[in-house]
Amino acid sequence: MTKKKNIELLQGNEACALGAIRAGCRFFAGYPITPSTEIAEVMAKELPKVGGKFIQMEDEIAGMAATIGASLTGKKALTATSGPGFSLKQENLGYACIAEIPCVVVNVMRGGPSTGLPTSPSQSDVMQAKWGTHGDHPVIALSPSSIKESYTLAVKAFNLAEKYMTPVIILMDEVIGHLREPLDFDEVKDLEIIDRKKPDITPDKYQAYHGGEEGIPILAPFGTGYRYHITGLTHDESGYPTMAPKVVERMNRRIVNKVEEHKEDIVEFESQNTEDAEILILSYGGSARSAKEAVLRLKAEGYQVGFFRPITIWPFPEKEVGKIAEKVKAIVVPEMNMGQLKQEVERVVAGRTKVLGVNKVDGELITPAEIITVVKGVE
Amino acid sequence: MDRIYEKYFRTDRLPHIWCPGCGNGIVLSAFARAMEELGVDQDQTVVVSGIGCSSRATTYVDFNTLHTTHGRALAFATGVKLAEPRLNVFVFMGDGDSTAIGGNHLIHACRRNIDITAIIINNNIYGMTGGQYSPLTPTGKKATTAPYGMIERNFDLCELVKGAGATFVARGTTYHAKQLTDMIVAGAKNKGFSVIEAVSQCPVSFGRRNKMRSPLEMIQWLKENTINVKAAAKLKPEDIKGKILIGELYNTEAPEYTAEYDRLIARVQGGGK
Amino acid sequence: MKKYSVSVNEIHCKACGICIGLCPKEVFGEDYLGKAVVQDTDKCTGCKICELHCPDYCIEVGEVS
Ligand SMILES: Cc1ncc(C[n+]2csc(CCOP(=O)(O)OP(=O)(O)O)c2C)c(N)n1
Ligand code: SF4
Ligand code: SF4
Ligand code: SF4
């Protein structure tokens, strides 16, 4: 990290870790795995300086569990991993969904399946982020595309977790995780920080999982005088296990709807020339950088291309992409997998326009030229 | 029981789901008595459990309770304790929960010597799923997945945790309910990782398949087949062969993890490296 | 000699038979469902073995003044 004024040259992983601390994260539990390890290393070094705690757990399952445990004391907690570790975290990630415990999980995607390509980029965990844990559950997943965004989205991830009382996933890819760019801290100094709500009623009236009008529970941190029960079993408003069909149905719908019904607030995207575009290039994370370059070159050649980058992968910016689909001849989706987000685009578009993938699973970043070829092939 | 019962149990949650004569209920009341003796502040106490019959314990006691995933209770508890060391943390686990799926977390909690008291209810079987063998099912005993008898060797839980670094290790039984309370009290007072193995009866999933149908028979078996470590020390090895050793088996001092971390913070913030 | 009162919560009692078998003074009998019933309080010595071992917290032993 070379220092010049308030600008530092940082890796995506480092920026993500620093962003987390900026968001108020004071706990990290994880297990080393390429290409996410630098996040743990930065946390190990930086957290004690601000009175926070870092622990290297015995595996990723434990890393997820300890992260949730720490969050229950009211601390903002983070864990970070990659492919194989993300697979191991799934059961406890689902626990955080049903027990509604805010925390942030970074998955720096690498080539899979299994050990796959440990040091190469990939975006093949897009669907795992949505459906990796069993059961219907809410998912928020953010995808940074630059170093600055690695920082700001770490803050946003904690804000959303605390606001909606749910785990939030940062889906990075190795390209962004290991990319180095200067980060100007002056540009990110005025970020909003959200902390979870505290109960404003007395313990005798408190129902941890009531959810109120918004359907978002207020969980009192352990040790603050509100004694209640937390379980991964379906539970009633007080947190106790139940199998009563009506209560179970209500709980299941509430935890999903608290995200679905607040999409307007959650969804974030970047778009360029989507108004008069004939062809839309839709990409995210590391691939979006090549896509942007392709757009520039194509425009120079006179093509009417637009650019759309979902920043929240989940929930997907359905409404916005749906609107664009009405107007364009085709949507081209470059991504480093066999077409995972393309499937979602197809679902949203529902036949209103063609959807073409630019897919690569050889461990190499998609080049602008590869995208340009597909765009030029659209008739 | 009356006062302790009112104070430490969520009486509106009772009767509990456990089968008639299940030892879990006895261990839980021994725990409640220990809480009374320790005079713990319920608001400042967290009770964590995994998944299994025994892990349902957290539903019934009036603390900050956390019923987690199968085998992972200690990992959750580690997060709680490290993030907020002022909280008292107790963990209930079953034998399968703690030594099979959760074995890794168990040895590492021991190694860290984190100030948590773990109460492991050892009923020698997977109770909740209907009687499959666990790493603590004694060789030769029957289980639904060992219909011809268990051929694997079983762990000695107390030796395991002692070897892994736990600083307080004791074994009790549901027959020795009063001593069990004393052990939980002593374990809680130990500044470090404490394990209390509570040997218990599961008449439904274990006893039934192993020629001990009634809870009474099982609890009497525990009375007759245990021997206190202190008494055992004066006996010849052949006299204690096949008996379950009970009592305080190990108690030592070692640096405690969260205290070490606080020292680390002080060092880093003091400008050290 | 001290006198004791022994009570059983027959609603929560699951008829496991532990108290009946462990009481050294045979204070308990069982009803037609196998639930514990106090038969002979006079014999009770207040040892509380029953109370400590009831898995369902049904038994209360108290001193009668
Ligand atoms: C990941 C996972 N695997 C398996 C199960 C099924 N399961 C629930 S409880 C249990 C074993 C319980 O045995 P033990 O830990 O000894 O506790 P007990 O029920 O005897 O008290 C198993 C295998 C589960 N809930 N989660
Ligand atoms: S199955 Fe065994 S351990 Fe589970 S409640 Fe019944 S008796 Fe207890
Ligand atoms: S206190 Fe002792 S003697 Fe009295 S009923 Fe209970 S077990 Fe029997
Ligand atoms: S020990 Fe308790 S549950 Fe069992 S028979 Fe006696 S009173 Fe009933």
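The values are calculated or read from the model by the stated rules, or taken from the named source; none is laboratory data. It should be emphasised that the depicted structure is a prediction, and the values quoted were computed from it without experimental measurement. Cβ placement follows ideal geometry from the backbone for every residue including glycine, while neighbour counts extend to all protein chains displayed. These accessible areas exclude ligands, DNA and RNA; they are computed on the full protein's heavy atoms, side chains included. Shrake-Rupley method; radii C 1.70, N 1.55, O 1.52, S 1.80 Å.
Observations, loosely collected:
- Cross-chain or 6+ apart pairs with Cβ under 6 Å, segment B:110-128 first and within 14 Å of chain A (Cβ to nearest Cβ), then within 16 Å of ligand 2 (Cβ to nearest atom) and not β-branched (Val, Ile, Thr): B:128/B:52; B:128/B:53
- Of all residues in segment C:29-65, those that are more than 12 Å from every other protein chain (Cβ to nearest Cβ) and either in contact (Cβ under 8 Å) with a residue 40 or more places away in the chain or not aliphatic (A, V, I, L, M) (or both) total 14.
- Filter result (in contact with a helix residue (DSSP H, G or I) (Cβ under 6 Å, 6 or more places away or on another chain) and more than 24 Å from residue B:20 (Cβ to Cβ)) within segment B:121-165: B:135, B:155, B:161, B:164, B:165
- When the helices (runs of 4 or more DSSP H) confined to segment B:216-273 are screened for residues that are loosely packed, with under 14 Cβ neighbours inside 10 Å and of a type outside the set (A, V, I, L, M), those reaching at least 2 such residues are found at B:237-240, B:257-269.
- Candidates B:45, B:59, filtered to the one that is under 25 Å from residue B:204 (Cα atoms), surrounded by fewer than 24 Cβ atoms within 10 Å (Cβ to Cβ) and touching a Phe, Trp or Tyr at 6+ places or on another chain (Cβ under 8 Å): B:59
- Among the residues of segment B:41-70, those identified as away from ligand 1 (no atom under 13 Å from the Cβ) and out of contact with any helix residue (DSSP H, G or I) (no Cβ under 8 Å at 6 or more places or on another chain) are B:41, B:43, B:44.
- Checking A:344, A:320 one by one, the residue that is charged (D, E, K, R), farther than 18 Å from residue A:176 by Cα and surrounded by 17 or more Cβ atoms within 10 Å (Cβ to Cβ) is A:344 and no other.
- In segment C:7-28, the residues that are touching a residue at least 24 places away in the same chain (Cβ under 8 Å) and not in a strand (DSSP E or B): C:9, C:10, C:12, C:13, C:14, C:16, C:18, C:19, C:22, C:23, C:24
- Selection over segment B:105-163 of residues that are open to solvent by less than 30 Å² (accessible area, probe 1.4 Å), outside any helix (DSSP H, G or I) and of a type in the set (Val, Ile, Thr) gives a count of 8.
- Residue within segment B:85-95 that is over 14 Å from the mean Cα position of the chain (by Cα), at the interface with chain A (Cβ under 8 Å from one of its Cβ atoms) and open to solvent by less than 10 Å² (accessible area, probe 1.4 Å) present: yes
- Restricting B:55, B:29 to those that are within 14 Å of ligand 2 (Cβ to nearest atom), of a type in the set (S, T, N, Q) and touching a residue at least 40 places away in the same chain (Cβ under 8 Å) reduces the list to B:55.
- Residue pairs meeting the criteria (Cβ under 6 Å; at least 6 apart or on separate chains; first under 29 Å from residue C:63 (Cβ atoms), in segment B:1-24; second within 16 Å of ligand 2 (Cβ to nearest atom) and open to solvent by 60 Å² or more (accessible area, probe 1.4 Å)): none
Yes or no, residue by residue, for (1) within 10 Å of ligand 4 (Cβ to nearest atom); (2) under 21 Å from residue B:28 (Cβ atoms); (3) open to solvent by less than 20 Å² (accessible area, probe 1.4 Å):
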site: C:8; (1), (2), (3): yes, yes, no
site: C:16; (1), (2), (3): yes, yes, no
site: C:26; (1), (2), (3): no, no, no
site: C:34; (1), (2), (3): yes, no, yes
site: C:37; (1), (2), (3): yes, no, no
site: C:59; (1), (2), (3): yes, yes, yes
site: C:63; (1), (2), (3): no, no, no
